[in-house]
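The values are calculated or read from the model by the stated rules, or taken from the named source; none is laboratory data. Keep in mind that this is a model prediction, so the values were computed, not measured. Because the Cβ atoms are built from the backbone with ideal geometry, glycine has one as well, and the counts that use them run over all protein chains shown. Keep in mind that these areas ignore ligands, DNA and RNA; they rest on the heavy atoms of the full protein, side chains included. Shrake-Rupley method; radii C 1.70, N 1.55, O 1.52, S 1.80 Å.
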Amino acid sequence: MVLAGKGLNLSALRRVRGLWKEELQPVTLAELWGNSHGTPDEARCLQLARQTQRQIKVRLAQRLQDFLFLPYKAMADPAVRTLYSKYVSAYTIHEEFDDLRRPEDVAKYWISLTEIFEENQNVTTLLGMARKRLIRLDTGLAPSFDHFVSDFLVSRIGTHLLGSAFFQQVPTPAGGKKPAGVAMGVLQPTSPASLLVALVESFKGQHPEQPVPVDIQGNTETTILYIPGHLRGILREVLHNAMRETASHAEVSGVPPAPVKVRINHGRLGVFVVISDEAGGISDMSKVWRWGEDPEIVMQDAEDSEDEWEDPQALMAKAQVAKATMRLPLGFGLPLARLTARYFGGDLRMQTLLGHGTNAKGFKGFGFGGAAASKPAKKPQAKAGVAALFQESLDREDKEKKSNLPSWSKLTPEAAQAQKQAEKLMEDDPTVFQYDEILDDIKEELGVESAADKIRADALQQKKRVGLHVPEGAGAVKTGTKRSAKYVEKVKIATDRRRVEQQIVEDRLLKKEKEARKDSEVFVTEAFKEELKRRKKFEEELEAQEERDQLNAASEQATSDGGIEE
């Protein structure tokens, strides 16, 4: 039973604590792709429901742990308490479906999960409200709360992926309706150019008084397997920021706005999207990736604003207004975009030149794991009698035979493929990787000294010139021809042993506490059972080592006594 508005009772808290130690892996594109084929039968639907229920339940339990370890001032905030109550309610609902056995249970879980998704659509807005109020209360709360926000939103991305995949794969029960956003939250062919065009039109519709031209170039017809909602969120924040700042810069300077340039490149490594503007650049890049507004600005605004602690209903009303305008809390857009891009192994980076503009680059396709759907390049004709499948491998072997490099320093097939893909991208656009060179050209036009013009000598040569000692073999380490360190593995083993020793000490303390409360319930997960087996094996190894040490000590003592003359 959950105490509404207060949290978990003691029994529920014990069950939640049992899930804190379970390790969760991020959801992968391969996992989503493997579960998206065909129409599942009743047995498959039941399996999907059990998997989804278990994974979401563990994620909710671990987020409740984060809530419970927040400072008491943070938990006193009404927005944080509202979120906590929502997550307690969602966890309790998942506990009710621990025993899924029949198709009717799957249908009930489908309906309940829909209600949970509909109830938790304004989470980011509530986090933004809470952060602003907490900083006004105590600026020292910002670092811990920002760390909480990062972990919270990463877990939320995975939870939405699991839920959306479940809604998409399991047939909709009678009277059910998929939550908003599910269609854009499942893996499917996605066109970056189409999303960009739609985002441009959306900005023009919201700001008709700020006409900003956008030039989209490159591989505009490419499509990839990805989550459209993720890609749309990333592109929306970067593109709309560029358009908004370009319009503001044009209004201040009194000149027509310069076009925002977008270039799309694709390949086996993924998709590269570069968005460039000429809006004057960013004065302080260190603050771009921080959550929310700068604490100093928040404190300045606090002097002229009312700091009321609204009740939950008033908070949800404000969150609904923010949702209707499709605006995230100030300072949450770009950090959330980069967090989303990195979830599948991609990234979002920015380069700026103050007084000129900014380049925002999303690469590795923002984590796009699949190859782009485009026409393959023509391959050279294979030699007579050789299958085309092996021609590329034979050509690579011929090149390697001519090389004097050791075998371990030669390119692997994956590295060779990546190099070929990079060469292909450079054929389409010679400047695709020349980020620093482009900035140097801009600096040269503006009369600013470029860092590339400064000649730097080799570091080892500099040391020799000033008389510093250069250890023998330093050149080999620098060039990569020297092998790895000699004692690293031993250090790792010693570290693992110390960690297990510390865990054994902690277990003994917990055992004493357990003996003091013999009537309490005990929950042991499979992962913890495996950990206990490893610790038992380690203890046996320690006992065997101790016996060997005692025998060796006795043998040495006997040898020493026999060698003394009377």
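For this structure, a couple of remarks:
- In range of the label at Thr39: residues from the range 176-190 whose backbone nitrogen is under 19 Å from the point 7 Å along Cα→Cβ: 176-178
- Using a simple spin-label model with pseudo-atoms 7 Å out from Cα toward Cβ, Gln210 and Ala258 lie 1.8 nm apart.
- Amide H to amide H distances under 5 Å link Thr223 with Ala373, where only residues 5 or more positions off or on other chains count and H is placed in the peptide plane.
- Extension gain for the segment Lys511 to Glu31, taken as residue separation times 0.36 nm less the Cα-Cα distance, is 168.9 nm to one decimal.
- Extension gain, Lys490 to Ala553, is 20.3 nm, computed as 0.36 nm per intervening residue step minus the present C-alpha separation.
- When a 1.4 Å probe is rolled over the protein heavy atoms, the share of accessible surface on the range 39-144 that falls to carbon and sulfur comes to 50 percent.
- Model label zone, Glu95; criterion: amide N under 18 Å from point 7 Å along Cα-to-beta-carbon; scope the range 43-60: 53-60
- Viscosity 1.567 mPa s, temperature 4 °C, Stokes-Einstein D of the range 1-125 from Kirkwood C-alpha radius, µm²/s: 81 µm²/s
- Applying 1/(1 + (r/R0)^6) with r as the Cβ-Cβ distance of Arg17 and Glu501 and R0 = 30 angstrom yields a FRET efficiency of 0.80.
- Rounded to the nearest 10 Å², the accessible area of His147 at probe 1.4 Å: 120 Å²
- Accessible surface for the range 117-265, divided over its residues, is 41 Å² per residue with a 1.4 Å probe.
- Once both labels are positioned 7 Å from their Cα atoms along Cα-to-Cβ, the gap between Leu542 and Ser248 label points is 6.0 nm.
- What a 1.4 Å probe finds exposed on the range 147-186 is 61% carbon and sulfur by accessible area, rounded to a whole percent.
- Remark: the Ile111-Ala418 segment gains 106.0 nm on full extension, using 0.36 nm per residue and subtracting the alpha carbon distance.
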